[in-house]
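**Q** Please read through the structure below; I'll follow up with questions.
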Amino acid sequence: MEEEQVQSPGRLVLRNFLHNPLGMTGLIVFILIFAFVMIAPRFIVLDLSFQDNTQANVPPTMKLMEIPKELKGHVADIAPGTTFAVGVSDTGKVYTWGYTRITDTINLADIPEEVQQAKIVKVATGYDHIVALDENGGVYVWGNERLGQARLPQEIKGAMRKNENLKIKQIEAGYQFSAAVTEDGQLYLWGNSNMADLNLRREYEGQIEKVALTTYSYIALLKDGSVVYGGLQKNAFSDVPESAASGIVDISSTGSTVAAVDAEGNITVWGNMINGENEVPAMDSKPVKIYGGLNHYTALLENGDVITWGSETHDVCDVPASVHSKNIENIFSGFYQNYALTDEGEVETWGLRGYLFGTDDLGRDLLNRIANGGRVTMTVGAIAVIISLIIGIILGGVAGYFGGWIDMLIMRVAEVVGGLPFLPFAMILSAIIGTRISVEQRMYLIMIVLGVLSWPGTCRLIRAQILSQREQEFVIAAKAMGVKEGAIVFRHILPNVLSMILVTATLDFATCMLTESTLSYLGFGISAPTPTWGNMLTSANNSVVIQQFWWRWVFPATVFGICTVCINLVGDALRSAFDPKSMER
Amino acid sequence: MKKYIVKRIIYMIFVFLIVSVLMYLLYNLIPSDPARAELEGIKTTLRPAEYEQRYQNLREQMGLDDPILLRYARWMGFAPEKESGELHGMLQGYFGYSNFFKKDVTEVLPIRMKNTMIINLFVTFLALAITIPLGIFCAVRKNGKFDNAVQFMTIIGYSIPIYIIALVFIWLFAVKLRWLPVSGMETPGSNYQGMQAFLDRIYYLTLPVLIMTFASLGGMTRYVRTAMIDALGMDYIRTARAKGLREKVVIYSHAWRNALLPVVTVIIGWFITIFSGSVIIETTFTLNGMGQVYYLALRNSDYELALATQMFYCAVSLIGQLIMDLSYGLVDPRVRVDK
């Protein structure tokens, strides 16, 4: 018979635990998830006020800017859209890519038959519609047409019917409206005029050189090199700055600002600057052309270099190094996408490539929300467990060691608290108090409620353990040596029940996370916009989301499920490691 | 034993009273003014002075300015109502008036309690029918492949929140396969009678029942398995085997009967909970049960209804505790609960 090596209990426990494959897997996976939710939020910062309707319900993809193979090397025009883009090849064929499904029924990739037949030369994209121009001056619109986006002006319609060519040289599209400029300086505007100012002052007729469309408005560059606001409204664009009154060579716009470049390369930006659109960086060469996305500008310099400024969202300003080293001929910029066409016909892209986990109904990145939500859920769970442990250990220790009326009192209190049905009680508390306090206070409230309501279990466990330890020889020895009672409880007895505490804490952690998420799921816990793994699933509770927007519940549910399963696996493994008797089971 | 029961019941009433005081105080933190609500309908027909007069009278009548403990006593039915001088509270069977349903609470709750009970009875029976044989089987072949798989599944079962299980089941059975409806209790607009109504009800309740059953499998299977393993480790099992009894007899006659003891108490405790519905499943499937009523009451600030439902939940859990404790002694004479 082999002689067994004597090991300390601690090492035995460790060995038992290390040899439990399920427990180890659980621990490793949990640590990975924990590290992810604690570290990732430092890099993908949560902006609670962020919402972006143009990015709502985008499925998981990283290919929003991936140009079709057939188009590569033959690009004539590209119009970037919200989550999609449309391009024209030099043979007049139209391609779409990215996420083109605007609504349940409208898919921008369904290019109308007449557009496929025609030889298209230019395209433009609005928020949810596409405008295309063919070589004969014919204009086509598809996508969302409900608000008059496809109701072409009489002149264009008439010319198309009579096969005349209006010589349109520029088409543009904004939010539910579109514009076309002809070579003889005419401007046609059509679409939903409820939101947008679709008027043109008579004095500018026949003088328009170029237009730039913001979300609801437009500015025009006249043939004499001055920039004007052509509409009738008074708004942020209608007061054109002095510096843009003459000598302008190019204009452009973002969603809420407009910009003009003059012949010397000076850039003037005006409008509602909220993303630093006016903070034009220093340039080592003269800008000749300017392009606008939704919140950023891109300028093409005389030496073929590219420079960007404005919002940092979705990396729209991170121009890849390869662009700087190449000679750029043209840039197509729009919303969050940028395409740069080199003199060799290659296309370089930067901006919003997509979302690994998709987006939710308010256009928020799910990866971001899962990481930040996980941090909230885990923090709440951990603090709740710590509160419940502290109360449970102190009360259980006192009750178990001293017994008598203290024990009686504590156990009765524990039973009253334990007698409160947990979920309903927590719901009441947060319904009553929760409405009057801020989001952050509400988070603390949930932690405290969870902790204060879940201690009786721990308390009873500790008490039972201490009752059995109290009669052991080492306690009697300590008493005989005159050790103070408090020290006996917390320094001599407690370490012996530490294993029990560790197991309880682990399992309670999972329970607290579950309870928090359940409360949040029901709308009584931490409420939006603060994400938690529970309230991310609240909006998923209908059949449309379950089927069509599966990524909105599959990813949070999976991460959360794996996390709680892992914690329970670790707890189970710990228990059997501490308790050799259970190994026989 | 009798002394113990009496002691427990007295103690239970004591806990119930404390909880009810706590609850009442808690609900009184909510700013609300029943007197103003009462006058809201005729507000426009009165002159301001007259309105103020009526309002003050009403407050006086309703006793809103009395000390909170007196109001609590009235609500519980310990003290007479100010107006009628009669006892009219919880103890007399008056649970308050629901603002949301515009009915007395006693009229709102029975039908919902019935629905909840039907659902939970199905769930309990289904769960027992699955978990007991499964637990026994796993115990007999413990640490086998099948047992390990089941062990792992049960951990998953009790780790994953029920609403995630619900989402997966809805996706599978209602959205993908289209076998079962997504929510509701009966076909809207239908007026079925007899057998047809019954089948319709079954059609709508299958999915929630399935989900609740699935969610409760984990804990029970583990419990049965542990009890069975303990029983199988006893000396009398070795004796029975040594006698040459068939394995079937050993397992079902000797081991299972002894393993039953701890299981029975849990089952009894389980049966008590059939009265309190699952808040999550009932709101997810818009089932007309206790859980949903509680949710609706809280969501719509219908606090008299919420308070009554809460007290009901509390009573159920206390009675369940008591019966569970007593049943330890009843099923196993060796256990003396009064010690």
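**Q** Of the numbered conditions (1) free of Cβ contacts under 8 Å to residues at least 40 places away in the same chain; (2) of a type in the set (Val, Ile, Thr); (3) more than 10 Å from every other protein chain (Cβ to nearest Cβ), A:Val544 satisfies every one except a single condition; which is it?
**A** Just one mismatch for A:Val544, condition (3).
**Q** Could you count how many residues in the stretch A:80-123 are over 27 Å from the mean Cα position of the chain (by Cα) and not small (Gly, Ala, Ser)?
**A** Of the residues in the stretch A:80-123, 19 are over 27 Å from the mean Cα position of the chain (by Cα) and not small (Gly, Ala, Ser).
**Q** Within the stretch A:66-79, take every residue that is outside any strand (DSSP E or B) and within 28 Å of the chain's Cα centre (by Cα) and give me the one that is surrounded by the fewest Cβ atoms within 10 Å (Cβ to Cβ).
**A** Within the stretch A:66-79, the match that is surrounded by the fewest Cβ atoms within 10 Å (Cβ to Cβ) is A:Pro68.
**Q** Related question: Is it the case, given these coordinates, that A:Asn330 is modelled with pLDDT of 90 or more and not aliphatic (A, V, I, L, M)?
**A** no
**Q** Kindly evaluate A:Tyr127 against the criterion of being assigned by TED's automatic domain parsing to the domain that holds A:Thr105, within 18 Å of A:Ser253 (Cα to Cα) and of a type in the set (Ser, Thr, Tyr).
**A** Working: assigned by TED's automatic domain parsing to the domain that holds A:Thr105: yes; within 18 Å of A:Ser253 (Cα to Cα): yes; of a type in the set (Ser, Thr, Tyr): yes.
Here the answer is yes, as A:Tyr127 does meet what is asked.
**Q** Here are some conditions: (1) closer than 23 Å to B:Gln151 by Cβ; (2) at pLDDT 85 or above; (3) not basic (Lys, Arg). A:Phe578 meets all but one. Which one does it not meet?
**A** Of (1) closer than 23 Å to B:Gln151 by Cβ; (2) at pLDDT 85 or above; (3) not basic (Lys, Arg), only one is false for A:Phe578: (2).
**Q** Looking at B:Tyr204, B:Tyr223, B:Tyr192 in this structure, which one is under 21 Å from the mean Cα position of the chain (by Cα) and farther than 30 Å from B:Val263 by Cα?
**A** Values: B:Tyr223 fails: farther than 30 Å from B:Val263 by Cα; B:Tyr192 fails: under 21 Å from the mean Cα position of the chain (by Cα).
The match here is B:Tyr204.
**Q** Right, next: Among the residues of the stretch A:482-521, write down those that are of a type in the set (S, T, N, Q) and farther than 17 Å from A:Ser454 by Cα. Spell out how you get there, then give the answer.
**A** Keep residues of the stretch A:482-521 that are of a type in the set (S, T, N, Q), which gives A:496, A:499, A:504, A:506, A:511, A:515, A:517-518, A:520.
If the condition is that a residue be of a type in the set (S, T, N, Q) and farther than 17 Å from A:Ser454 by Cα, then A:Asn496, A:Ser499, A:Ser520 are the ones that fit.
**Q** Right, next: Residues B:Thr221, B:Thr273, B:Thr213: which one is at pLDDT below 85 and of a type in the set (S, T, N, Q)? Please lay out each step first, then the result.
**A** On the way: B:Thr221 fails: at pLDDT below 85; B:Thr213 fails: at pLDDT below 85.
After ruling out the rest, the residue left standing is B:Thr273.
**Q** Given the options A:Asn192, A:Asn235, name the one that is under 38 Å from the mean Cα position of the chain (by Cα) and over 23 Å from A:Pro80 (Cβ atoms).
**A** A:Asn235
**Q** Do we have B:Val293 as more than 12 Å from every other protein chain (Cβ to nearest Cβ) and in contact (Cβ under 8 Å) with a residue 12 or more places away in the chain here?
**A** Details: more than 12 Å from every other protein chain (Cβ to nearest Cβ): no; in contact (Cβ under 8 Å) with a residue 12 or more places away in the chain: yes.
Criteria not met by B:Val293.
**Q** While we're on this one: Looking for whichever is closer than 23 Å to A:Asn568 by Cα, in contact with a Ser or Thr (Cβ under 9 Å, 6 or more places away or on another chain), outside the structural domain of B:Tyr72 (by TED's automatic domain parsing) and modelled with pLDDT of 85 or more here; the options are B:Leu134, B:Leu126, B:Leu109. Which one fits? Steps first, answer last, please.
**A** On the way: B:Leu126 fails: closer than 23 Å to A:Asn568 by Cα; B:Leu109 fails: closer than 23 Å to A:Asn568 by Cα.
Among B:Leu134, B:Leu126, B:Leu109, only B:Leu134 is closer than 23 Å to A:Asn568 by Cα, in contact with a Ser or Thr (Cβ under 9 Å, 6 or more places away or on another chain), outside the structural domain of B:Tyr72 (by TED's automatic domain parsing) and modelled with pLDDT of 85 or more.
**Q** Name the single residue that is farthest from the other protein chains (Cβ to nearest Cβ) among those in the stretch B:119-149 being surrounded by 22 or more Cβ atoms within 10 Å (Cβ to Cβ) and closer than 21 Å to B:Thr273 by Cα.
**A** That would be B:Ala127.
**Q** Out of everything in the stretch B:228-261 that is away from every other protein chain (no Cβ under 14 Å) and crowded, with 19+ Cβ neighbours inside 10 Å, what residue ends up being farthest from B:Cys138 (Cα to Cα)?
**A** Looking at residues that are away from every other protein chain (no Cβ under 14 Å) and crowded, with 19+ Cβ neighbours inside 10 Å, I get B:Ala240.
**Q** Right, something else. Would you call A:Trp533 touching a Pro at 6+ places or on another chain (Cβ under 9 Å) and away from chain B (no Cβ under 12 Å)?
**A** Working: touching a Pro at 6+ places or on another chain (Cβ under 9 Å): yes; away from chain B (no Cβ under 12 Å): no.
It is false that A:Trp533 is touching a Pro at 6+ places or on another chain (Cβ under 9 Å) and away from chain B (no Cβ under 12 Å).
**Q** Looking at A:Thr379, A:Thr349, which is the one that is of a type in the set (Ser, Thr, Tyr) and either without any contact (Cβ under 8 Å) to a residue 60 or more places away in the chain or under 30 Å from A:Ala557 (Cβ atoms) (or both)? Break it down stepwise before answering.
**A** On the way: A:Thr349 fails: either without any contact (Cβ under 8 Å) to a residue 60 or more places away in the chain or under 30 Å from A:Ala557 (Cβ atoms) (or both).
Sole residue among the options that is of a type in the set (Ser, Thr, Tyr) and either without any contact (Cβ under 8 Å) to a residue 60 or more places away in the chain or under 30 Å from A:Ala557 (Cβ atoms) (or both): A:Thr379.
**Q** Of the conditions (1) hydroxyl-bearing (Ser, Thr, Tyr); (2) under 25 Å from the mean Cα position of the chain (by Cα); (3) not in a helix (DSSP H, G or I), B:Tyr24 clears all except one; give me its number.
**A** The one condition B:Tyr24 does not meet is (3).
**Q** In addition: Going through the stretch A:542-554 one residue at a time, which ones are surrounded by fewer than 19 Cβ atoms within 10 Å (Cβ to Cβ) and assigned to a loop (DSSP other than H, G, I, E, B)?
**A** Across the stretch A:542-554, the qualifying residues are A:Asn542, A:Trp550.
**Q** When the residues of the stretch B:298-332 are filtered to those that are more than 7 Å from every other protein chain (Cβ to nearest Cβ) and hydroxyl-bearing (Ser, Thr, Tyr), which remaining residue is surrounded by the most Cβ atoms within 10 Å (Cβ to Cβ)?
**A** My answer is B:Thr309.
**Q** Being modelled with pLDDT under 80, in a helix (DSSP H, G or I) and either among the basic types (Lys, Arg) or assigned by TED's automatic domain parsing to the domain that holds B:Gln310 (or both) is the requirement here; does B:Lys43 meet it?
**A** Details: modelled with pLDDT under 80: yes; in a helix (DSSP H, G or I): yes; either among the basic types (Lys, Arg) or assigned by TED's automatic domain parsing to the domain that holds B:Gln310 (or both): yes.
Answer is yes for this residue.
**Q** Identify the residue in the stretch A:506-526 that is in a loop (DSSP other than H, G, I, E, B) and at the interface with chain B (Cβ under 9 Å from one of its Cβ atoms) and, among all such residues, is nearest to the chain's Cα centre (by Cα).
**A** Looking only at the stretch A:506-526, we keep the residues that are in a loop (DSSP other than H, G, I, E, B), and these are A:523-526.
After this cut, where a residue has to be at the interface with chain B (Cβ under 9 Å from one of its Cβ atoms) as well, the list is A:523-524.
On the way: A:Gly523: 21, A:Phe524: 23 Å.
Per the stated criteria, the residue is A:Gly523.
**Q** As an exercise: evaluate A:Pro529 against (1) without any contact (Cβ under 8 Å) to a residue 40 or more places away in the chain; (2) farther than 30 Å from A:Gly26 by Cα; (3) under 26 Å from the mean Cα position of the chain (by Cα) and give the number of the one condition it does not meet.
**A** Only one criterion in (1) without any contact (Cβ under 8 Å) to a residue 40 or more places away in the chain; (2) farther than 30 Å from A:Gly26 by Cα; (3) under 26 Å from the mean Cα position of the chain (by Cα) is unmet by A:Pro529, namely (1).
**Q** Do you know which of the residues in the stretch B:163-175 that are in contact (Cβ under 8 Å) with a residue 24 or more places away in the chain and facing chain A (nearest Cβ under 8 Å) is surrounded by the fewest Cβ atoms within 10 Å (Cβ to Cβ)? Step through it out loud before you land on a result.
**A** First pass over the stretch B:163-175, keeping only residues in contact (Cβ under 8 Å) with a residue 24 or more places away in the chain: B:163, B:165-166, B:169-170, B:173-174.
After this cut, where a residue has to be facing chain A (nearest Cβ under 8 Å) as well, the list is B:163, B:170, B:174.
On the way: B:Tyr163: 25, B:Ile170: 27, B:Ala174: 19.
The selected residue is B:Ala174.
**Q** May I pose another question? So for the stretch B:179-195 (the condition being more than 14 Å from chain A (Cβ to nearest Cβ), β-branched (Val, Ile, Thr) and not in a helix (DSSP H, G or I)), does at least one residue qualify? Can you show your working first?
**A** Applying the first criterion (more than 14 Å from chain A (Cβ to nearest Cβ)) to the stretch B:179-195 yields B:185-195.
When the remaining residues are screened for being β-branched (Val, Ile, Thr), the result is B:187.
So of that shortlist, the ones also not in a helix (DSSP H, G or I) come out as B:187.
Yes - at least one qualifying residue is present in the stretch B:179-195.
**Q** Further question: Name the residue that is nearest to A:Cys563 (Cα to Cα), counting only residues in the stretch A:375-400 that are β-branched (Val, Ile, Thr) and more than 27 Å from the chain's Cα centre (by Cα).
**A** Residues of the stretch A:375-400 β-branched (Val, Ile, Thr): A:376-377, A:379-380, A:383, A:385-387, A:390-391, A:393-394, A:398.
Filter once more, keeping what is more than 27 Å from the chain's Cα centre (by Cα): A:385-387, A:390-391, A:393-394, A:398.
Working: A:Val385: 16, A:Ile386: 19, A:Ile387: 21, A:Ile390: 24, A:Ile391: 26, A:Ile393: 26, A:Ile394: 29, A:Val398: 34 Å.
Among those that are β-branched (Val, Ile, Thr) and more than 27 Å from the chain's Cα centre (by Cα), it is A:Val385.
**Q** Please work out which one of (1) more than 10 Å from every other protein chain (Cβ to nearest Cβ); (2) under 22 Å from A:Leu507 (Cα atoms); (3) not polar (S, T, N, Q) is the condition B:Phe152 fails and give its number.
**A** The single condition B:Phe152 does not satisfy is (1).
**Q** To continue, here is another question. A:Leu502: within 14 Å of chain B (Cβ to nearest Cβ), part of a helix (DSSP H, G or I) and within 41 Å of the chain's Cα centre (by Cα), yes or no?
**A** Numbers: within 14 Å of chain B (Cβ to nearest Cβ): no; part of a helix (DSSP H, G or I): yes; within 41 Å of the chain's Cα centre (by Cα): yes.
So A:Leu502 fails the test.
**Q** Kindly indicate whether any position in the stretch A:43-58 is of a type in the set (A, V, I, L, M), away from every other protein chain (no Cβ under 14 Å) and in a helix (DSSP H, G or I). Working first, answer last.
**A** If we filter the stretch A:43-58 for residues that are of a type in the set (A, V, I, L, M), which is where we start, we get A:44-46, A:48, A:56, A:58.
Okay, now just the ones that are also away from every other protein chain (no Cβ under 14 Å), so A:44-46, A:48, A:56, A:58.
Adding the requirement that they be in a helix (DSSP H, G or I) leaves none.
Within the stretch A:43-58, none of the residues are of a type in the set (A, V, I, L, M), away from every other protein chain (no Cβ under 14 Å) and in a helix (DSSP H, G or I).
**Q** Next up: Sort through A:Gly457, A:Gly482 and tell me the only one that's within 27 Å of A:Gly397 (Cβ to Cβ), within 14 Å of chain B (Cβ to nearest Cβ) and surrounded by fewer than 19 Cβ atoms within 10 Å (Cβ to Cβ). First the steps, then the outcome.
**A** Details: A:Gly482 fails: within 14 Å of chain B (Cβ to nearest Cβ).
It is A:Gly457.
**Q** Take residues that are of a type outside the set (A, V, I, L, M) and crowded, with 23+ Cβ neighbours inside 10 Å and tell me which of the strands (runs of 3 or more DSSP E) falling wholly in the stretch A:159-223 contain 2 or more. Steps first, answer last, please.
**A** On the way: elements: A:168-173, A:177-182, A:187-191, A:208-213, A:218-222.
Qualifying strands (runs of 3 or more DSSP E): A:177-182.
The values are calculated or read from the model by the stated rules, or taken from the named source; none is laboratory data. In this text, all values refer to a predicted model and were calculated from it rather than measured experimentally. Every residue, glycine among them, receives a Cβ derived from its backbone with ideal geometry; neighbour counts consider all protein chains shown.
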